[in-house]
């Protein structure tokens, strides 16, 4: 019996949500009936095989490329040169690139999973505080379009990204699959926990300091709320980067802001339980994982009035959407919340036109 050869390339994936997606993709592929019948063999190019140790089995071959993260030059050599010559000597039925770049390969069909929203971000990025990110945005814009139209399918996590690929790269929407990450959605909600025993009501904003995360709008709002028992918890420390140092210096006089720095997974969960609400003013996200996580507690989430946030919070009954540039509006909404216990949520429902993969099984059926 001739088996189909599926190649997964994930040489730049080593942590966080992208690693979860890569692991889940491999796991679900190995659970398909075709794989179980021995009709599929898998080759996976990865950063380190031990990241998938619990998923290793006879029909999966791991090829490590640990140098791939040393520089973009090495990464692109693998994507555009090495993979091409390697694929010439193989019989590849489907090549799935799990990290944005569409490599040069010989395969019967190609699929690319696109995580990064930065090529579509049109807000300002400070070259002074985020030069690397600004260069990364330009670089990714080029890399997204290289070989993009050679893919049979482009997989994205939200409808707004499908629309962005159509607008910026003239892609056929019928070839773009929206597949919300299942590890981040449909989690059971817990009863709303709004009664906090202390006199302080904590707001949590758990994210890494980048300029597009839009910290200044919520910090400016907190300056207008120093007379309230609200306290903002930021998972930021001044020495994380130059942007964090600037923020900490500029808002050092605010007694209602706690700069707690990086938090472990367990610490973040404790912060979620203790918080009265989440604020999420970021101007660009692939999905908005913290908002998905926080929904389990049934508490208010004050979010940027942007497409990514509305899709992430689709169907959630405690979402308040605010202009990401209007600090007084954030302050007013939070003041009403803390003084009157009131907030005005908007329930948004996102409808996805096909092709749409509501779960991993549907995605496997579409791309394999």
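The values are calculated or read from the model by the stated rules, or taken from the named source; none is laboratory data. None of these values were measured; they are calculated from a predicted model. Using ideal geometry, Cβ is built from the backbone for each residue, glycine included, and neighbour counts are taken over all protein chains shown.
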Filtered residues of region 318-346 (kept if outside any helix (DSSP H, G or I), on the phi < 0 side of the Ramachandran plot and at pLDDT below 95): 342, 343, 344, 345, 346
Residues located in region 107-132, provided they are in contact with a helix residue (DSSP H, G or I) (Cβ under 7 Å, 6 or more places away or on another chain) and part of a helix (DSSP H, G or I): 118, 119, 120, 127, 129, 130
Residue within region 124-141 that is in contact (Cβ under 8 Å) with a residue 24 or more places away in the chain and exposed (fewer than 14 other Cβ atoms within 10 Å of the Cβ) present: yes
Residue count, region 270-295 (criterion: surrounded by fewer than 19 Cβ atoms within 10 Å (Cβ to Cβ) and under 18 Å from the mean Cα position of the chain (by Cα)): 2
Of residues in region 84-102 being at pLDDT 95 or above and under 22 Å from the mean Cα position of the chain (by Cα), the one farthest from residue 143 (Cα to Cα): 96
Filter pass, residue 213 being within 18 Å of the chain's Cα centre (by Cα) and under 27 Å from residue 116 (Cβ atoms): yes
Among (1) over 19 Å from the mean Cα position of the chain (by Cα); (2) touching a residue at least 12 places away in the same chain (Cβ under 8 Å), the one test that residue 310 misses: (1)
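Would you check which residues across region 220-242 are within 20 Å of residue 124 (Cβ to Cβ) and surrounded by fewer than 21 Cβ atoms within 10 Å (Cβ to Cβ) and list them?
Within region 220-242, 220, 241, 242 qualify.
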Complete set of residues in region 149-185 that are surrounded by fewer than 19 Cβ atoms within 10 Å (Cβ to Cβ), touching a strand residue (DSSP E or B) at 6+ places or on another chain (Cβ under 8 Å) and part of a helix (DSSP H, G or I): 150, 166, 175
